[in-house]
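Please read the structure below before turning to the comments.
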Amino acid sequence: MTVNRSALLITYPVKHVASEAKSLAESAGYSISCTVTQKHLTRSKFGIGKGKADEVRELVKSSNIEYVIFDEILKPTQQYNLAKLCEIDIIDREKLILEIFRLRSNTEESKIQIKLAELHYEAVRIKEKVRLAKKGEQPGFFGLGKYDAEVHLLDVRRRISVLRKKLLKEEKRKLVQRTGRARSGFPTVSIIGYTSVGKTTLFNFLTGESKLVGVELFTTLSTSSRIVNVNGKKVMFSDTVGFISKLPAYMIDAFKSTLQELIFSNVILLVLDISQSFEILRKQLASSYTVLIHLGVSVAKIIYVFNKVDLVEPDKAMEKCQQLGVLNEGNKNYVMISSKTGMNVHTLLDVVRSRIFVNMMKVDTS
Ligand SMILES: Nc1nc2c(ncn2[C@@H]2O[C@H](COP(=O)(O)OP(=O)(O)OP(=O)(O)O)[C@@H](O)[C@H]2O)c(=O)[nH]1
Ligand SMILES: [Mg+2]
C-alpha cells in the first residue's frame, strides 16, 4: 500500500460509527490525525453546519492535513462548497469505498465493476456542473466550462455503456457456468454478510483453502467457489464480497455479476459477528437485508451464522441473538460458530444439509 495520507475525519459522535469510518479510511490508505464529530452530517450547504465547517477550515489551515474524509454520502454541491471553503479535497463515504475497492480489485471482472462505479460517481458530478452552468453559475468542477463538461459527460456515458456490455457478457458466461453446475446437480451455498465478519475465514475452514483474510475492510472483492463434501453430499460453497451500510444502490448493481451467485443459491449463510454490540449486529443485519432485497433474493433461504463466538460469553451471545428477533427454533435457522477455532462448524454443516434437502424436496413437489 502507498504511504499513508494524513486526513481529518468528519463523522458522527457515535463510537461504533466513528470507529468504522476510521477503519474505512485506514483501509483506503489514510491516516486520521484529527476527528471532528457532529450529530447531523446532511445539512444542505456543507453537510455540517457553517460553524463546524469554519472549525474544520481552521484545523486544516493550521496543520499538514492533506484530505478531509466525510463519513456520509455528499451531494456534489455540498462536496464542492466544503472543498472551496476549506481549500482541500473532500473524500465522502462513497468515494472512500470506491478507493478501497480500486485498491483491492485483482480480477478483470472486479476491475470493470469498480471502473463502472467510478464513472457513475463522476457522471453525477459532471451532470451537476452542467446543471449549475445552465443556471448561470460557475461552480468550477474539474476546471471545465459548460461545453467541455457536456462533452465530458457524453464521453463518460459512452464508456459506461461499453463497460456495461462487457459486464453483461460476463454475467452470461457465469449463467452458462451455473447452468452447467445445476446440471451436474451440485446444490450451492453462498456465504454473505457485512465486511469483516469472517466470511472468508469460514470459507477457508470449510474448503481447506487459504484465501486472504484480514482485519481491514473489504479484503474479498470477487467470488470464490469450491465443492465440499457435506456428510457424503457434494455441495458448492461460495465466498462473496462484504456489505457495508450506506452502500449506494448503483454499487450493488455494479457488483451484480459477482453477487448474482447468491440469487441462484439453494441456501444463504448470512454471517454476523456476534462479538460486536447489539447496535452493530442490527446494522450488519439491516445492510445485508438491503442487498438481498435489492437483488431479489428470498429471505427464506437464510441460515443465520453467528460467528466469532470464541470472543463472547455464551449467555451474552444468546441474549444478543434473541434480541435480533430472527431465530426460529422449530425449523432451526441459526448456528453459533467460531470460524477461527472450528467450534460448531459441524453443526452448521448438519443444518445446511437438512436445509438443502428440504429445499430440494420443495422444488421437486412444486
Ligand atoms: N476471534 C475470531 N476472529 C475471527 C473469526 N472469524 C474471523 N475472524 C477474524 O476476523 C477478521 C476478518 O475475517 P475475514 O474472514 O477476512 O472476514 P470477511 O467477512 O471475509 O471480510 P471481507 O472480505 O473484508 O468482507 C480476521 O482478522 C479474522 O482472523 C472467529 O471466529 N473468531
Ligand atoms: Mg473476505
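Return the pair list, or none, for Cβ contacts closer than 8 Å from residues in the range 229-244 that are basic (Lys, Arg) to residues that are part of a strand (DSSP E or B), at least 6 apart or on different chains.
As it stands, the answer is 234/227; 234/228, since those pairs meet every condition given.
Just to verify a result, which residue in the range 172-209, among those that are part of a loop (DSSP other than H, G, I, E, B) and farther than 30 Å from residue 93 by Cβ, is farthest from ligand 2 (Cβ to nearest atom)?
185
With touching a His at 6+ places or on another chain (Cβ under 8 Å) and either touching a residue at least 12 places away in the same chain (Cβ under 8 Å) or surrounded by fewer than 19 Cβ atoms within 10 Å (Cβ to Cβ) (or both) as the only criterion, which of 73, 48, 65, 32 stands out?
Working: 73 fails: touching a His at 6+ places or on another chain (Cβ under 8 Å); 65 fails: touching a His at 6+ places or on another chain (Cβ under 8 Å); 32 fails: touching a His at 6+ places or on another chain (Cβ under 8 Å).
The conditions single out 48.
Going by the conditions given, is residue 310 within 15 Å of ligand 1 (Cβ to nearest atom), surrounded by fewer than 18 Cβ atoms within 10 Å (Cβ to Cβ) and among the acidic types (Asp, Glu)? Write out each step before concluding.
Values: within 15 Å of ligand 1 (Cβ to nearest atom): yes; surrounded by fewer than 18 Cβ atoms within 10 Å (Cβ to Cβ): yes; among the acidic types (Asp, Glu): yes.
Considered against the rule, which asks whether it is within 15 Å of ligand 1 (Cβ to nearest atom), surrounded by fewer than 18 Cβ atoms within 10 Å (Cβ to Cβ) and among the acidic types (Asp, Glu), residue 310 comes out as yes.
Suppose we filter the range 268-290 for residues that are within 17 Å of residue 199 (Cα to Cα), β-branched (Val, Ile, Thr) and surrounded by fewer than 22 Cβ atoms within 10 Å (Cβ to Cβ); how many remain?
Here the count works out to 1.
Name the pairs whose Cβ atoms lie under 8 Å apart, with the first residue in the range 169-185 and farther than 23 Å from residue 112 by Cβ and not assigned by TED's automatic domain parsing to the domain that holds residue 237, the second at pLDDT below 75 and not in a helix (DSSP H, G or I), and 6 or more positions between them or separate chains?
Here the result reads none, with nothing in the range 169-185 linked to a residue that is at pLDDT below 75 and not in a helix (DSSP H, G or I).
Mind checking which residues of the range 20-51 are out of contact with any strand residue (DSSP E or B) (no Cβ under 7 Å at 6 or more places or on another chain) and more than 23 Å from residue 246 (Cα to Cα)?
If the condition is that a residue be out of contact with any strand residue (DSSP E or B) (no Cβ under 7 Å at 6 or more places or on another chain) and more than 23 Å from residue 246 (Cα to Cα), then 50, 51 are the ones that fit.
Would you confirm whether any residue within the range 210-225 is among the basic types (Lys, Arg), at pLDDT below 90 and in a loop (DSSP other than H, G, I, E, B)?
no
Does the range 281-293 contain at least one residue that is assigned to a helix (DSSP H, G or I), touching an Asp or Glu at 6+ places or on another chain (Cβ under 8 Å) and in the same structural domain as residue 230 (by TED's automatic domain parsing)?
yes
Here is a list: 283, 301. Which entry is more than 22 Å from residue 347 (Cα to Cα) and either away from ligand 2 (no atom under 16 Å from the Cβ) or modelled with pLDDT of 95 or more (or both)? Lay out the reasoning, then the answer.
On the way: 301 fails: more than 22 Å from residue 347 (Cα to Cα).
Step by step, each of 283, 301 is checked, and only 283 is more than 22 Å from residue 347 (Cα to Cα) and either away from ligand 2 (no atom under 16 Å from the Cβ) or modelled with pLDDT of 95 or more (or both).
Looking at the range 93-119 only, could you name the residues that are of a type in the set (A, V, I, L, M) and under 17 Å from residue 171 (Cβ atoms)?
Going through the range 93-119, the residues of a type in the set (A, V, I, L, M) turn out to be 96-98, 100, 103, 112, 114, 116-117, 119.
Once the filter is applied, which keeps residues that are of a type in the set (A, V, I, L, M) and under 17 Å from residue 171 (Cβ atoms), the range 93-119 yields 112, 114, 116, 117.
Taking residue 337, is it touching a Ser or Thr at 6+ places or on another chain (Cβ under 8 Å), under 30 Å from residue 165 (Cβ atoms) and at pLDDT 95 or above?
no
Would you confirm whether any residue within the range 88-100 is in contact with a Leu (Cβ under 7 Å, 6 or more places away or on another chain) and over 20 Å from residue 221 (Cβ atoms)?
Yes, the range 88-100 has at least one match.
The values are calculated or read from the model by the stated rules, or taken from the named source; none is laboratory data. Please read all numbers here as calculations on a predicted model, not as lab measurements. Cβ: placed from backbone, ideal geometry, glycine included. Neighbour counts: every protein chain shown.
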